[in-house]
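Structure, as structure tokens:
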Amino acid sequence: MSAIRLLVLGAVRQHGRAHGYQVLNDLESWGAHEWSTAKPGSIYHALRQLTKQGLLLAHETAPSTVGGPPRTEYEITQRGAEEFLSLLRAALVSHDQRLDVLSSGVGFIVHLPRREAVALLQERVEGLQAWRTSVTDYYTPEDGPGQLGHIGEIMNLWVHSADAGAEWTRGLIERIEDGAYTFAGEEEPSVGTPQALSAKADRAS
């Protein structure tokens with residue numbers, strides 16, 4: 001699964017219509033260029049590819065006043081919106097998701113209803129627990145990695161990763177159930193989304 005696909009679809013969806021620079025600015029405000037492949041080249045490439053696939057619709061606007069080419073604005077299609085939500089759900093529920101994909105999913109989690117977000121995260125915890133059990137069928141953490149030689153360090157890493165992932169996910173579930181953030185159908189977009197961060201930056205400038 002591609003993090004850049006989820007990130008670009010989500011950024012365009014939040015604006016309604018957005019040009020490439022707006023998408024780039026939104027994602028950079030997250031620091032996505034540090035933890036994913038969301039660099040200028042990959043973002044503009046994704047915009048073109050998603051348009052070819054019918055997930056975005058391209059609109060040419062008037063040329064710039066300094067004589068540059070027409071600016072292209074992108075709008076998400078119905079198919080694009082369905083793909084975005086499908087990618088978002090997969091990013092949150094899969095226990096073995098890459099960190100950049102999971103990070104992208106968490107960034108857009110407020111675009112789901114609160115109950116659905118919690119249910120997906122609970123399913124992720126169950127997946128992590130099942131994965132941990134499959135590892136401990138061959139390795140007993142209490143006996144330490146030395147029982148299997150240096151290869152035991154791999155299984156030790158997996159067990160620690162499963163435990164840390166489950167602990168973090170349970171903490172997020174608890175915060176969401178306690179009312180943190182603003183989810184789909186609940187008033188205004190939650191602070192922390194690219195759209196909110198961009199608006200905050202505009203007010204500060």
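The values are calculated or read from the model by the stated rules, or taken from the named source; none is laboratory data. In this text the structure is predicted, and so the values were computed from the model without any measurement. Cβ placement follows ideal geometry from the backbone for every residue including glycine, while neighbour counts extend to all protein chains displayed.
Taken together, the criteria exclude ILE151 from residues that are part of a helix (DSSP H, G or I) and crowded, with 17+ Cβ neighbours inside 10 Å. Checked against (1) touching a residue at least 12 places away in the same chain (Cβ under 8 Å); (2) assigned to a helix (DSSP H, G or I), ARG115 passes all but condition (1). Identify all residues within the stretch 24-53 that are among the basic types (Lys, Arg) and either buried (at least 17 other Cβ atoms within 10 Å of the Cβ) or over 22 Å from ARG98 (Cα atoms) (or both); write none if there are none. Once the filter is applied, which keeps residues that are among the basic types (Lys, Arg) and either buried (at least 17 other Cβ atoms within 10 Å of the Cβ) or over 22 Å from ARG98 (Cα atoms) (or both), the stretch 24-53 yields ARG48, LYS52. Suppose the filter is touching a strand residue (DSSP E or B) at 6+ places or on another chain (Cβ under 8 Å) and modelled with pLDDT of 95 or more; does LEU112 pass it? Considered against the rule, which asks whether it is touching a strand residue (DSSP E or B) at 6+ places or on another chain (Cβ under 8 Å) and modelled with pLDDT of 95 or more, LEU112 comes out as no. Looking at the stretch 34-44, is at least one residue modelled with pLDDT of 90 or more and farther than 22 Å from VAL106 by Cβ? There is at least one residue in the stretch 34-44 that is modelled with pLDDT of 90 or more and farther than 22 Å from VAL106 by Cβ. The condition (being over 28 Å from TRP168 (Cβ atoms) and in contact with a Gly (Cβ under 7 Å, 6 or more places away or on another chain)) is satisfied by just one residue among ARG79, ARG17: ARG79.
Within the stretch 78-108, being part of a helix (DSSP H, G or I), under 18 Å from TYR181 (Cα atoms) and touching a residue at least 60 places away in the same chain (Cβ under 8 Å) holds for LEU88, SER103, SER104, GLY105, VAL106, GLY107.
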